[in-house]
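Structure record follows, encoded as C-alpha cells.
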Amino acid sequence: MRPGTASYTGTLQRKIMYIVLIALAYLWFMMLITAPSIGKAILVLIVGGSVLALAYYILNTPTRLRRARQLEREQDSPATPADE
C-alpha cells in the first residue's frame, strides 16, 4: 500500500477511527470509576456506552457504505462462466 492510494487511505481512516474509539473508551472508563455513587456510575455506564456505540456507528459509516456499494456492484455484474 502506497500513500495516496484508496486502500491506504481506507486503512489510515480505520486506524484513526480505532484511536478515537480507544480514547473515548478510556474517558468513559475513567468517568465510570470516579463516579461518586453507584446510581451515577450506572448512569455513566449506560449513557457513556451509548455515546461510544454511536461514535463507532458514525465513524464506521464510510466502510459500511463502501461495502454496500461493492456488494451492489457484484450483484449487478453479469456472472462470468468458468473457463473449462
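Values in this text are rule-based calculations from the coordinates and carry no lab data. Just so it is clear, the model here is predicted, and its values are computed rather than measured. In this analysis, Cβ positions are derived from the backbone assuming ideal geometry, glycine residues included, and neighbour counts consider all displayed protein chains.
Treating each Cα of region 9-71 as an identical point scatterer and summing with the Debye formula, the log10 of I(q)/I(0) at q = 0.18, 0.24, 0.27, 0.30 Å⁻¹ comes to -0.69, -0.94, -1.07, -1.18. Counting Lys and Arg as +1 and Asp and Glu as -1, what is the net charge of the other residues whose Cβ lies under 15 Å from the Cβ of ARG66? Local charge sum for ARG66: +3.
The stretch between TYR56 and LEU24 holds 10.5 nm of extra length on full extension. This uses 0.36 nm per residue minus the Cα-Cα distance.
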